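Please treat every number below as a calculation from the coordinates, not as lab data. None of these values were measured; they are calculated from a predicted model. Note that each Cβ is placed from the backbone with ideal geometry, even for glycine, and that neighbours are counted across all protein chains shown.
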């Protein structure tokens, strides 16, 4: 009987979700292009990107009457003097006064000044930062708790910035001020509803940064924390939450992780090829799938040698340890972003036909498509993989890179520095670095921290202090549930210690994660549509399509709720568990993220050397009972520094007994049937 009652309750609630309608608990994005006679889609696209990042369920419309049926309306562009006629203004006033919420940016319609509680809206292109009033309005600034979030950067104070609106206040309150004390964002109570007006245009704080057309707003280029764009996402999401009871939004990290660490390597030298297996073995031992971006250098010039072809066996070994191979271009040319040197080109390139080189100080014979196509084809042919990801050498980003990546069939790119573009969340790369561009299908996952420091470098004498910067940035991004994308060149043995220090210092709930696996998760997050219904103390979350990734979690304002039910697009119940997310929120997830043991492939189970790296005793283990096998340890020059005989399956050696300096060494096992070699890094 109890089971029957439960099923009856589920059926009734499921039916209500159809009858009640889906607009009552959604946001709507109002496309203003027609109202403003805008042929450029950049403002609407910026607002769309913003709402997508919030993870809150939203619809879009270009019809004002339709938009005013929703509890919260976000205007996709400026509300100008000519946007609405008198009848439409009255409709907007009635909507807000009746309890609706209207959010816009760069508001300038004098006919709606009273509704927004302002007395003036003035343009100014000499404003460079915003300080948020987190003390008086804490509810709007959830996650805005870092000093670099409480005061954000809009542009370089030594340059002329983009235009922002400065608001004079009548009845409105200021949520944030520019550096000169003038109002940068308003909140006004009008009747039963509220209006919000951001001074900067959404386009200038979202899309401008994503296409790297900001006015040098970043306070650090890399290896720091730069959350300007993300702060706007948090604020808009919190405004929406305050007007839709028991709000639900898609979480930004898989399962119940607080965030993820994406470990990537650029293989762009012979040295990196020689030592990368030390890193790949270490990551394999820690159950980590690293991404190895390979430069397929088959030409030699004054810039670099043709190191790739002789390194094919080393690259082949990566996939057997669960790592992913990606492209780091053909030539790693420093002028790749120069369109005069690297024109867009056409597809159809091969190793034989594509022969770029760098004779003195400029590349000859290169094209953007040539770099993408040939590097991809070489890697796929030689290693039997499907290449989905790209990162350009020197992080050079041609304006046409997004379009070229899409044409060449790539899915992911990580050439942007997250600090430089002021966001650490993924977004879809644009086909041109201009407001007239359009998003492609290529997901940009920005690079967060790396071993490239333009001042002072990353050396064996300063790397510990550099790692401390990585740890600080990682912990700050972790609090925002944002991914951290690490680049480390595996060309120096001390860098493995750097990686291990980082892994041992990140929060326990921040998990190492595969780059492309996270990209797949984010794609499905973007594609997932859902809506919610609320009946007394019961909330229903129903998927509207069949793209739900079981790693997708949801953050729900839980105050007053007794029951939360989840259904897929076919009406089937879904099993979610939950944990506390904040004082008023719960995180609902399908699976707890736990580390599973990886089965060691046969080719790596025969002869193992561990721990690696080691500061003393190492263990040599085999799965065969050996008799009188020769063990030799040599340095990088081939000099034998230790030799013994192994009988049995396990043998221990104390490296500190005969090695005086840290470095890379080779352990060779020789039997009558074969010779096997492992690299070991000794850390004194």
Exercise for review: Given the peptides 94-100, 111-117, arrange them by the average over their residues of other C-beta atoms within 10 Å, most packed first.
Suggested key: 111-117, 94-100
Check your understanding: Efficiency by 1/(1 + (r/R0)^6): what FRET value for residue 508 and residue 460, r their Cβ-Cβ distance, R0 = 45 Å, to the nearest 0.05?
Key -> 0.95
Revision key, fill the gap. Convex hull around the C-alpha positions of region 370-418: the volume in Å³ per residue is 79 Å³
Point to revise | Label-point gap, in nm, between residue 582 and residue 131 - each point 7 angstrom along Cα→Cβ | key: 2.3 nm
Review point. Taking the alpha-carbon set of region 238-301, what are its Rg and Dmax in Å?
Key: 20.5, 64
Point to revise | Stokes-Einstein D in µm²/s, Kirkwood radius over Cα pairs - region 259-520 at 25 °C with 0.890 mPa s viscosity | key: 132 µm²/s
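Report, as a whole number in µm² per second, the diffusion coefficient that Stokes-Einstein gives for region 606-682 at 10 °C and 1.306 mPa s using the Kirkwood radius over alpha carbon pairs. Write down the numbers at each step before the final one.
Numbers: Rh = 12.5 Å.
Roughly 127 µm²/s, to the nearest whole number.
With the cut-off at 1.5 for a/c, could you classify region 71-122 from its C-alpha gyration tensor as rounded, prolate or oblate?
It is rounded, given that a/c, with a ≥ b ≥ c, falls under 1.5.
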Revision key, fill the gap. In nm, the gap between the two label points placed 7 Å beyond Cα toward Cβ at residue 617 and residue 158 is 5.8 nm
Review point. Looking only at region 385-424, which residues have a backbone nitrogen under 12 Å from a spot 7 Å from the Cα of residue 436 in the C-beta direction?
Key: none
Check your understanding: Taking only the alpha-carbon positions of the chain and ignoring solvent, what does the Debye formula give for the base-10 log of I(q)/I(0) at q = 0.05, 0.06 Å⁻¹?
Key -> -0.28, -0.40
Point to revise | Convex hull volume per residue for region 368-475, taking Cα atoms only, in Å³ | key: 131 Å³
Check your understanding: Relative to the first principal axis of the alpha-carbon coordinates of the chain, what is the inclination of helix 2-19, with its axis defined by its Cα atoms, in degrees from 0 to 90 and to the nearest 10?
Key -> 70 degrees
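Let me have the relative contact order for region 371-444, percent, based on Cα pairs under 8 Å that are six or more residues apart. Intermediate results must be reported in sequence, preceding the final value.
Numbers: 98 pairs, mean separation 22.3, N = 74.
It rounds to 30 percent for region 371-444.
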Point to revise | Angle in degrees between helix 86-97 and the longest Cα principal axis of the chain, rounded to the nearest 10 | key: 70 degrees
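By average Cβ neighbour count within 10 Å, what is the ranking of 269-276, 476-483 from highest down?
Those peptides, ordered most packed to least, come out 476-483, 269-276.
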Study note, to complete from the structure: Log entry: pair-distance distribution for region 73-230, C-alpha pairs binned every 10 Å from zero, whole % per bin is 11, 39, 34, 14, 2, 0
Study note, to complete from the structure: Nearest 10, in degrees from 0 to 90: the angle of helix 515-527 to the longest Cα principal axis of the chain is 20 degrees
Study note, to complete from the structure: Binned at 5 Å starting from 0, the alpha-carbon pair-distance distribution of region 424-531 in whole percents comes out as 2, 10, 18, 19, 16, 14, 10, 7, 3, 1, 0
Check your understanding: Can you give the helix-only mean residue ellipticity at 222 nm for the chain, where every DSSP H stretch with n ≥ 4 adds -39500 (n - 2.57) and the sum goes over all residues, rounded to the nearest 500 deg cm²/dmol?
Key -> -7500 deg cm²/dmol
Review point. Given a cut-off of under 8 Å on Cα pairs at least six residues apart, what relative contact order in percent is computed for region 606-682?
Key: 34 percent
Revision key, fill the gap. Length-normalised contact order of region 2-249, Cα under 8 Å, at least 6 apart, in percent, tallies to 22 percent
Point to revise | Set of region 107-143 residues, backbone N closer than 17 Å to the point 7 Å along the Cα-Cβ line of residue 472 | key: none
Exercise for review: Compute the distance in nm between two label points, each set 7 Å from the Cα along the Cα-to-Cβ direction, one at residue 610 and one at residue 302.
Suggested key: 4.9 nm
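May I ask you to give the average projected area over all directions of the convex hull of the Cα atoms of region 530-589, in nm² rounded to one decimal?
Result: a mean projected hull area of 3.9 nm².
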